[in-house]
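Bear in mind these aren't lab numbers, they're just calculated from the coordinates by the rules spelled out. In this text, all values refer to a predicted model and were calculated from it rather than measured experimentally. Note that each Cβ is placed from the backbone with ideal geometry, even for glycine, and that neighbours are counted across all protein chains shown.
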């Protein structure tokens, strides 16, 4: 239709027809993959506030150097571990980031905050623990536009509700380099030698240490697949979504970095690199369908802005959300922002939440699916806020 003809047609239609028909939900098969980084990842390393001198003052060991950060704009730099995966999507306008995002839940508890986000319900009202917001989204959409699945061992809270949603387990990969059976075999090799006792003691100390460090992380992960596991399974997820499903959920664990977090390299960098390869593989496998696909990546909270005494970070508040997709209005940092300095920190320790997640996601889903205000209110209990993400 020529532009002049389109304008005349619009002018001839009553307002009600325009609102009810022209802006109705798109006919194409829009796909959504929701990725939950369980453990509370360090958003200030993912999207480093490179214009903040304070950032480098309070993170002498774990800050991302300005020279290593990938240019996003004058204030932000992306972690270099994503150079070959997410950064090309960003520069192509297919990835956007929303800092200062999250929930108003102040518990800093992995479990409570994860539940809050998955429920998508107001904190000041009675909550229904049998109704997750992705289930409410799927039930709001008509049958030909909603076929949901959870790529998890058990059905997560976010997918529970009136609509029956299947779940499928992903493979368990990225196990420790030396497991208990192998440790016993190695110790047996030294039996009868002077090294027998030191070797046994060494494995005992190692096992105790691993239990201490892994205890909280394992609990926070809630049986989520590792970042390495997601990297290996992402293409299979894409194939399933291309063939049958258009709303998917997967959780990825390993983000509770209290000790030895690293900076441009190290533990966190390795996890981000694995996650980035998985997301890039997912995008590639979607092929032409990528243009109608949106991937949202969130975590229950961010980390403390200052590093701790173990060169790590503790439980924080505000985070950075990722939004990826072929039709995403990317190449920008979106949402309300504030200069990162000590006076702007929440409770003098964390990123504040300026972009509340229910409003943020409500605005996004409204644009994606053509949902009206009443439908968004049903899903999130609050109006959506359009950040121009799609």
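How would 376, 149 line up from fewest to most surrounding beta-carbon atoms within 10 angstrom?
Lowest count first: 149, 376.
Using 0.36 nm per residue, how much length does the chain from residue 267 to residue 112 gain when fully extended, once their Cα-Cα distance is taken away?
Numbers: separation 155, 0.36 × 155 = 55.80 nm, distance 2.56 nm.
Extra length available between residue 267 and residue 112 comes to 53.2 nm.
Run the numbers on the stretch 294-337 and let me know its relative contact order in percent, using alpha-carbon pairs under 8 Å that are six or more apart. Kindly include the intermediate steps, with their values, before the conclusion.
Values: 52 pairs, mean separation 18.6, N = 44.
Relative contact order for the stretch 294-337 comes out at 42 percent.
Using Cα-Cα distances under 8 Å and only pairs 6 or more residues apart, what relative contact order does the stretch 307-381 have, in percent? Each step should come with its number before you reach the end.
Details: 39 pairs, mean separation 19.1, N = 75.
26 percent.
By counting other Cβ atoms within 10 Å of each Cβ, how are 189, 37 ranked from fewest to most? Can you show the working numbers first?
Working: 189 11, 37 26.
Least to most surrounded, the residues fall as 189, 37.
Relative contact order of the stretch 23-103, please, whole-number percent, based on alpha carbon pairs below 8 angstrom and at least 6 residues apart. Numbers along the way, then the final one.
On the way: 56 pairs, mean separation 19.0, N = 81.
It rounds to 23 percent for the stretch 23-103.
Ranking 140, 382, 293 by Cβ neighbours within 10 Å, fewest first, what do you get? Present the calculation step by step, with values, prior to reporting the outcome.
Numbers: 140 18, 382 15, 293 24.
The order, fewest Cβ neighbours first, is 382, 140, 293.
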